[in-house]
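Report on one structure; see the data block that follows.
The values are calculated or read from the model by the stated rules, or taken from the named source; none is laboratory data. Fair warning: this is a prediction, and the values are worked out from it, not measured in the lab. Methodologically, a virtual Cβ is constructed for each residue, glycine included, from the backbone with ideal geometry; neighbour enumeration extends over all protein chains shown.
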Amino acid sequence: MEKTHVSRLVRLANLNHHGTLFAGETAQWMVEACFVAAAKKNGRADNVVCINVQGLQFRKPVESGDIVDIESFVAYAGSTSLTVVGRILTPRYPGECILETAVTFVTLGKDGVPAPHGIVVERPEDPVLREYWDKYERKRKKYRAGKQAEEE
């Protein structure tokens, strides 16, 4: 599974009134890093749009002068969607993920409506990565079951 890495230096302008990394800034960085992973997997960026950010929960504070490393990878592919997991790590907390989220993107056709991308993400061998794939496969099945119930 190909991973995308983006590093950012946390500056005073990125902080909130508590002196820690502002969540809005973090959300922007995370969505951007996840977008890059989705666009790379798709082979183009011009038809990829974000439709869902699945929450941000900080496990540790991040302060001015910290370097954050954002790791993102496509964990699951639906027929028109790509779910990308983003994780933030920092040398301040070696080996600890301080924030994790998933961002879902869809690919659009020329008419601006979701269109199949033809990307297949096989269920990974690695047990950690497989957990992500299984989680989003369950969510997709639940979503489809709800859609079918609405149509009946």
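Any residue in region 8-28 that is touching a residue at least 24 places away in the same chain (Cβ under 8 Å) and surrounded by 16 or more Cβ atoms within 10 Å (Cβ to Cβ) sitting within a Cβ distance under 7 Å of a residue that is small (Gly, Ala, Ser) and not in a helix (DSSP H, G or I)? List the pairs, counting only those 6 or more apart or interchain.
Between residues of region 8-28 that are touching a residue at least 24 places away in the same chain (Cβ under 8 Å) and surrounded by 16 or more Cβ atoms within 10 Å (Cβ to Cβ) and residues that are small (Gly, Ala, Ser) and not in a helix (DSSP H, G or I), the close pairs are VAL10/SER64; VAL10/GLY65; LEU15/SER64.
Among the residues in region 129-138, are any modelled with pLDDT under 90, part of a helix (DSSP H, G or I), surrounded by 13 or more Cβ atoms within 10 Å (Cβ to Cβ) and among the aliphatic types (A, V, I, L, M)?
yes
I'd like the residue in region 59-106 that is of a type in the set (Phe, Trp, Tyr) and touching a residue at least 40 places away in the same chain (Cβ under 8 Å) and, out of all such residues, is farthest from VAL6 (Cα to Cα).
Checking each candidate, the answer is TYR76.
Taking the options GLU122, GLU71, name whichever one is of a type in the set (D, E, K, R) and within 30 Å of LEU12 (Cβ to Cβ).
GLU71
Going by the conditions given, is ASP66 more than 15 Å from VAL120 (Cβ to Cβ), over 12 Å from the mean Cα position of the chain (by Cα) and surrounded by fewer than 16 Cβ atoms within 10 Å (Cβ to Cβ)?
Criteria not met by ASP66.
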